[in-house]
Protein chains: 2
Amino acid sequence: MIRTDAQRLWGSLMDLATIGATPKGGVRRLALTEADRQGRDLFVRWAREAGLAVRWDAVGNIFARREGTQAVPPVMMGSHLDSQPSGGKFDGAYGVMAGLEVLRTLNERRIATRAPLEVASWTNEEGSRFAPGMAGSGVFTGVHRVEEIHESKDPEGVTFGEALKAIGYAGAGRPHPVGAYFEAHIEQGPVLEDTRTTIGVVQGALGQRWFDIVVTGQDAHAGPTPMELRKDALIGASRLVLEVNRIAREYPDYARATVGFMQVRPNSRNVVPGEVRTTVDMRNASDKTLLLMRQDLEKSADAIAAECRVAIEVREIVHFPPCEFAPALVDAVRRAAKSLGLSHRDIVSGAGHDAVYLARVAPTAMVFVPCEGGISHNEIENARPEDLAAGCDVLLQAVLESAGI
Amino acid sequence: MIRTDAQRLWGSLMDLATIGATPKGGVRRLALTEADRQGRDLFVRWAREAGLAVRWDAVGNIFARREGTQAVPPVMMGSHLDSQPSGGKFDGAYGVMAGLEVLRTLNERRIATRAPLEVASWTNEEGSRFAPGMAGSGVFTGVHRVEEIHESKDPEGVTFGEALKAIGYAGAGRPHPVGAYFEAHIEQGPVLEDTRTTIGVVQGALGQRWFDIVVTGQDAHAGPTPMELRKDALIGASRLVLEVNRIAREYPDYARATVGFMQVRPNSRNVVPGEVRTTVDMRNASDKTLLLMRQDLEKSADAIAAECRVAIEVREIVHFPPCEFAPALVDAVRRAAKSLGLSHRDIVSGAGHDAVYLARVAPTAMVFVPCEGGISHNEIENARPEDLAAGCDVLLQAVLESAGI
């Protein structure tokens, strides 16, 4: 059974990580900045050195192609090279470098595949500089129009289109059919590490519902205002936080619910809070259960409002239905892990990935590998060379099965 | 029974409120600003027109004096003319104008008192521009040294001493003995309005303990991180908010406890909060009970920390013991209300006032009148002319009883 070159993969990841390197060992490679350009240039150079045909489309998605023996849609691997403002060396970069490593390995072994193979580097997955995120894959899969993405502005007022031109990656061409899509990625969660598992066989991605919430009470002086005459918005908000936590624990199928943001007004130590703005992020593998969670949230908010004598406004701002990956490809990933003798377990992605959009237009699967402490979107994000190599080997096997030899 | 002039009192308050007037009907007269100078100038002019001897001390406290028939320490009335950044027309101003109105009434009626009478306007009660608040009365009563107050800087780096000189109110002289101190004030709470009572006979002021609290968990992605592997600082903080509320309701003697401030980190809707900084403000009429409340808070914090797998640091930063006003003067206020046929009830001040410091050096009492909705430190702060007049009448009677005629 052939293997990829663990050292070459690690070396490529480390070389790439010198671009936009941060003091604590992370990277800052915001989409369409000079650092992003340098990262792209390096990937393009390596791809060309590997004999791949490289092109980019109207939103800067880069495709590096190795022809197959038949004229069928390519089997594609990929992820993204942009990072969070204080991002890590592996989030995104791993999926692109793993794809490149698969092709380098096939070249070395002179293995031809039936279907062509492509490595895609999707533009602006993170959405940290330009909203929305997953922009490149979103355009490729018809979720967004090119013009809409081009018009998006960064905080300095620079448009996506201007920034793309400035770094020399404004290409052309319409989306092409994809035979299958595989994305390797660090888990960005603690489950694999916690269960000492090397390979996550990703079943799909959780559905998401996001809410903006405003709790309105009445400002009052903390000293002269008796407890029974208060309308304390923070008490209402605190009860809501605990209800959100209860909801996450009551519903099956990977339910998650998080209050990550809170803004208290006037936010003074001796004033009873008159208003709290907060958010809820709910996720579930079942869209039906996700709706039940939403209904539970709304009911809980009403009950708290009545008991705490405050008003609670709950507004849904995002709904992503759950994404189920292609069973045949998921099986291929599982089989690959098994045949390589790697510990593996089924897992569901809690986060969004380019693969979630690709799944709309092609059979799709993902391979997860552990990351240290489950931490990512952080400079201290870390992963072990042997785990990254194992994930790359799984990717190679699954791609070979899919593309045919 | 003689009365003060309700219209004249209201007129003075409204004239004073034109200085630093804000669009919504409030005032912005931060300590030692040009607006404060104008307010002081107007008070000084009115005091001199009323034949009073005016002087100011080293921190700008103004004393307007009407001699008595005997050389004994004066009976003093007063409060402050500075305001919150978005303050109201009555907080502080009422106590000074009511004192002036008492002296104007006695002049009109040609009533001589045995003890001299003084109206004091204390510098920087609010502490909004220079910390600490209650600075003028604090120096007068030996809580603070003059130098320490002079060195305090505003956010622009201007010292109290420079600002005081600039507005022409840097005087001299040591604190003088005070025979009795009365302060009329709006309640700044909802109790009188809620119980349809005109006069609050203030027994004293609640003791206070202030805490800074840091809850430390671990940042994590809201999507990929299962509930059971989280260390959510906001869940710990929310439970603490509810415990603080429980504590306030479990302890007798006007217990109040408030979480007014909260800062969540990183404060992003799809990140499990890793840190929450918050505060607790606890008040009680009994210092012993206040200590029990503190112990309950610390025990609750420990229990929450263990259950939520977070660390909770509780640090006390302020302890004011409760203040008990002089029973004879409190009785005088109650008798005055009764003899004037005004509804009245015993009440405890939840907020700090200059009177709390004056109580350290002289028999002291306060007279509260209702304010609309219990709201103050707000431009919409409001009070009814008839209530303000009633409070002023009570002040007159209590002062006459105290000073002797």
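The values are calculated or read from the model by the stated rules, or taken from the named source; none is laboratory data. From a predicted model like this one, the values you see are computed outputs, not experimental measurements. FYI the Cβ positions are ideal-geometry reconstructions off the backbone, even for glycines, and counts take in every protein chain you see.
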**Study point:** Residue list for the range A:249-272, restricted to those being closer than 16 Å to B:A220 by Cβ and part of a strand (DSSP E or B)
**Key:** A:R256, A:A257, A:T258
Review point. Among the residues of the range B:268-290 satisfying the criterion of being farther than 22 Å from B:P226 by Cβ and free of Cβ contacts under 8 Å to residues at least 40 places away in the same chain, which is nearest to the other protein chains (Cβ to nearest Cβ)?
Key: B:T289
Check your understanding: Hey, among A:F160, A:F211, which residue is outside the structural domain of A:T278 (by TED's automatic domain parsing) and touching a strand residue (DSSP E or B) at 6+ places or on another chain (Cβ under 9 Å)?
Key -> A:F160
Study note, to complete from the structure: Quick count over the range A:67-88, residues being buried (at least 24 other Cβ atoms within 10 Å of the Cβ) and of a type in the set (D, E, K, R), is 1
Exercise for review: Just give me the residues in the range A:193-210 being surrounded by 24 or more Cβ atoms within 10 Å (Cβ to Cβ), within 12 Å of chain B (Cβ to nearest Cβ) and in contact with a Leu (Cβ under 9 Å, 6 or more places away or on another chain), in sequence order.
Suggested key: A:G200, A:L206
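Results for (1) farther than 22 Å from B:V102 by Cα; (2) out of contact with any Phe, Trp or Tyr (no Cβ under 6 Å at 6 or more places or on another chain); (3) in contact (Cβ under 8 Å) with a residue 12 or more places away in the chain, shown as yes or no for each residue.
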position	(1), (2), (3)
B:I2	no, yes, yes
B:S12	no, yes, yes
B:V27	yes, yes, yes
B:L32	yes, yes, yes
B:L42	no, yes, yes
B:A53	no, yes, yes
B:A64	no, yes, yes
B:H80	no, no, yes
B:K89	no, yes, yes
Revision key, fill the gap. When the range B:66-78 is checked residue by residue, the ones that are part of a loop (DSSP other than H, G, I, E, B) and without any contact (Cβ under 8 Å) to a residue 60 or more places away in the chain are B:E67, B:T69, B:Q70, B:A71
Exercise for review: Out of the residues in the range B:132-155 that are over 11 Å from B:V59 (Cα atoms) and within 14 Å of the chain's Cα centre (by Cα), state the one that is surrounded by the fewest Cβ atoms within 10 Å (Cβ to Cβ).
Suggested key: B:P132
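Can you spot a residue in the range B:387-405 that is at pLDDT 95 or above, in a helix (DSSP H, G or I), surrounded by fewer than 18 Cβ atoms within 10 Å (Cβ to Cβ) and of a type in the set (D, E)?
Here is the first cut: in the range B:387-405, the residues at pLDDT 95 or above are B:387-404.
Those left that are additionally in a helix (DSSP H, G or I): B:387-403.
Next cut, surrounded by fewer than 18 Cβ atoms within 10 Å (Cβ to Cβ) only: none.
Within the range B:387-405, not a single residue is at pLDDT 95 or above, in a helix (DSSP H, G or I), surrounded by fewer than 18 Cβ atoms within 10 Å (Cβ to Cβ) and of a type in the set (D, E).
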Practice item. Considering each of A:A115, A:A53 in turn, give the residue that is of a type in the set (G, A, S) and either closer than 25 Å to A:F160 by Cβ or surrounded by fewer than 17 Cβ atoms within 10 Å (Cβ to Cβ) (or both). Key: A:A53
Practice item. Within the range B:212-247, track down each residue that is within 17 Å of A:V259 (Cβ to Cβ), at the interface with chain A (Cβ under 10 Å from one of its Cβ atoms), modelled with pLDDT of 95 or more and in contact with a Ser or Thr (Cβ under 8 Å, 6 or more places away or on another chain). Key: B:D232, B:A237, B:S238, B:R239, B:L240, B:V241, B:L242
Exercise for review: Being part of a helix (DSSP H, G or I) and among the polar types (S, T, N, Q) is the filter here, so list the residues in the range B:85-106 that pass it.
Suggested key: B:T105
Review point. Since A:E250 meets every condition but one in (1) over 30 Å from B:V244 (Cβ atoms); (2) more than 10 Å from chain B (Cβ to nearest Cβ), which condition does it not meet?
Key: (1)
Check your understanding: Restricting attention to the range B:296-313, does a residue exist that is farther than 11 Å from B:I247 by Cα, touching a residue at least 60 places away in the same chain (Cβ under 8 Å), of a type in the set (G, A, S) and not in a helix (DSSP H, G or I)?
Key -> yes
Review point. Looking at (1) closer than 30 Å to B:S238 by Cβ; (2) under 22 Å from the mean Cα position of the chain (by Cα); (3) outside any loop (DSSP other than H, G, I, E, B), can you tell me which one A:G352 breaks?
Key: (3)
Study note, to complete from the structure: When the range A:253-264 is checked residue by residue, the ones that are charged (D, E, K, R) and more than 7 Å from chain B (Cβ to nearest Cβ) are A:D253
Review point. Hey, does the range B:335-353 have a residue that's assigned by TED's automatic domain parsing to the domain that holds B:G133 and closer than 20 Å to B:E118 by Cα?
Key: yes
Exercise for review: Can you give me the number of residues within the range A:351-373 that are within 12 Å of chain B (Cβ to nearest Cβ), surrounded by fewer than 24 Cβ atoms within 10 Å (Cβ to Cβ) and touching a Gly at 6+ places or on another chain (Cβ under 9 Å)?
Suggested key: 2
